[in-house]
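The block underneath contains the structure these notes are about, expressed in structure tokens.
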Amino acid sequence: MSLLAVAHLSKSFGGVRAVHDVSFELEAGEILALIGPNGAGKSTCFNLLCGQLHPDAGSVFFEGRDLVGLDARRIWRCGISRTFQVGAAFGSLTVLENVQLALLSGERKLFHMNRPLAGRQREAALGLLEQVGMAAQASRTCGLLAYGDVKRVELALALAQGPRLLLMDEPTAGMAPGERIALMDLMRSLVGSLGLSVLFTEHNMDAVFAYADRLLVLARGELIAAGDVDSVRRDARVQEVYFGSGRTFAAPAPGASGGGRR
Ligand code: ADP
Ligand code: MG
């Protein structure tokens, strides 16, 4: 059984078919990239999977459980977590406090916010920060962190609930190349160490080619190709729809991505 099985997923906004009849599966331990031009329906697809939006039609099964109709919080509790494109960490709190809050929120104890955080979930929070390489900066205020470090904290927040599937919508947007490679390397090492699966959207083709086990290509809401990097890169329809005629996927320069395939 696949970890995630999506079938005939559809969502329209007025007359716009943002996602139309999309079907795919994702296996445990897999890193799957969702690519496509602007407006292709990538973010809508994400929002359908994590409950921010409800589909007009189709089914989403996660670990055999039907998610359609569940709200975002329920889906999060089922084991699907997401990072956000825009920094979501509380800027005025420390790195450690942010992660403590994420852990407490999973325990349904956020209602007692008037109590000081103190030592609650401190060890678990430090453990998560260790995993994302941010333990040394635990007592720093989030608002003062470098952008790449904010992204690491966001990753720790997304991992707080012990998800089996992590959704990342353009995780490296706005990052310098060095930060980008570091974040994607971290993502891949977490997939290995935690047994996670990842579905990510990305504009940066180096990141897609270097880190994805498999690609899904959306265009105008429809899935036009799926497969490994090489087969998708050669796909004539992908070349046509994704880049317009005349342009092709260039093979990434050796070492350009920093990571290399597994
Ligand atoms: P992508 O993330 O691939 O750039 P989106 O999923 O954001 O694409 O958008 C897909 C299509 O759906 C676009 O035509 C977009 O304008 C439209 N769309 C997305 N969200 C909404 C919304 N909340 N209301 C109306 N139209 C939307
Ligand atoms: Mg988007």
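Since every read-out is calculated from the coordinates, none of them should be taken as a lab result. Model, not experiment: these values are computed from the prediction. Please note: Cβ atoms are built from the backbone with ideal geometry, for glycine as well, and neighbour counts cover all protein chains shown.
Sorted ascending by nearby beta carbons within 10 Å, beginning with the fewest, Val241, Val16 become Val16, Val241.
Can you tell me what share of the DSSP beta bridges in the chain is antiparallel? A percent to the nearest 5 is fine. Please list the in-between numbers first.
Details: 20 of 37 bridges.
Here the antiparallel bridges make up roughly 55 percent for the chain.
How would you classify the chain from its alpha-carbon gyration tensor, with a ≥ b ≥ c the square roots of the eigenvalues: rounded for a/c under 1.5, else prolate if a/b is greater than b/c, otherwise oblate?
Values: a/c = 2.06, a/b = 1.39, b/c = 1.48.
Oblate, because a/c is 1.5 or more while a/b does not exceed b/c.
Packing, taken as the mean count of other beta carbons within 10 Å per residue, orders the peptides 139-149, 2-12 from highest to lowest as 2-12, 139-149. Considering helices alone, the calculated mean residue ellipticity of the chain at 222 nm is -10000 deg cm²/dmol, with DSSP H runs of length four and up weighted by -39500 (n - 2.57) and normalised per residue.
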